[in-house]
1. Working from Cα positions, state the angle (0 to 90°, nearest 10) between the long axis of helix 28-38 and the longest principal axis of the chain.
2. What does DSSP give for region 61-154 in terms of the percent of beta bridges that are antiparallel, rounded to the nearest 5?
3. For the chain, give the share of DSSP beta bridges that are antiparallel, in percent and rounded to the nearest 5; count only bridges with both residues there.
4. Using +1 on the beta carbon of Lys and Arg, -1 on that of Asp and Glu, and nothing else charged, what's the dipole of the chain about the Cα centre, debye to 20?
5. Could you work out how much longer the chain between Val168 and Arg40 gets when fully extended? Use 0.36 nm per residue separation minus the Cα distance between them, nm to one decimal.
6. If we sort 146-157, 124-135 on the protection proxy, mean other Cβ atoms within 10 Å, highest first, what's the order?
7. Round to a whole number: what % of the accessible area of the chain belongs to carbon and sulfur, probe 1.4 Å?
8. Determine the per residue accessible area of the chain with all protein chains present and a 1.4 angstrom probe, expressed in square angstrom.
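The values are calculated or read from the model by the stated rules, or taken from the named source; none is laboratory data. Predicted model, so just to flag it, every value in this text is computed and none were measured. Backbone-built Cβ (ideal geometry, glycine too); neighbour counts: all protein chains shown. Areas reflect the complete protein model, heavy atoms only, side chains present, ligands, DNA and RNA absent. Shrake-Rupley method; radii C 1.70, N 1.55, O 1.52, S 1.80 Å.
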Amino acid sequence: PWVVAKWAMSMDGRTSPAEGEGGALSGTRAARLVHDLRGRVEAVAVGVGTVLADDPRLTCRRPGGPPHGRPQPIAVVFDSALRTPLEANVVRESSPARPLLLFTARPRTAKAAALAALPGVAVIPAAGADGRVDLTLALDALHAVGVRRLLLEGGGTLAGAFLREGLVDQVAALVAPRLLGG
């Protein structure tokens, strides 16, 4: 798939406020852009760290939903150790019409079976030599289910891995008019 990596950052290059400060970096215009991007791809992906920290839904929430009657994007989570909680939004909101694909390096657990038993949830083994998810295997699996455009939304670790492996085709960097310092 064509991979679009999206992130928000401050003018000094920070992707999040200091721990304990909270708050979003970008505003309503950026949120509209993100939901527009989500409505134009077949899948939206995050790393498990984003699931644990933010509990995202990964849906297109534009007025009227995705454009041109497109379905909601498939939710994708890269989760080497299968730490995605059963009560996470992406798990609870999955269905055969809007599946959740969990790519993992260690799928043989009771939790994998519990997740895979839920409607619309697929646990897909894609182990790399380093014990993490093999991103190329995951992209091949996504392409096989019809994903031609993937929006990579969350996690500096995941974005960094995609960038290191040369798997990003396009970047959508939202720069907030803030300085966070360090």
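1. 30 degrees
2. Counting only bridges with both partners in region 61-154, antiparallel ones make up about 10 percent.
3. 5 percent
4. 480 debye
5. 44.4 nm
6. With the highest mean Cβ count within 10 Å placed first, the list reads 146-157, 124-135.
7. Its accessible area is 55 percent carbon and sulfur atoms.
8. 51 Å²
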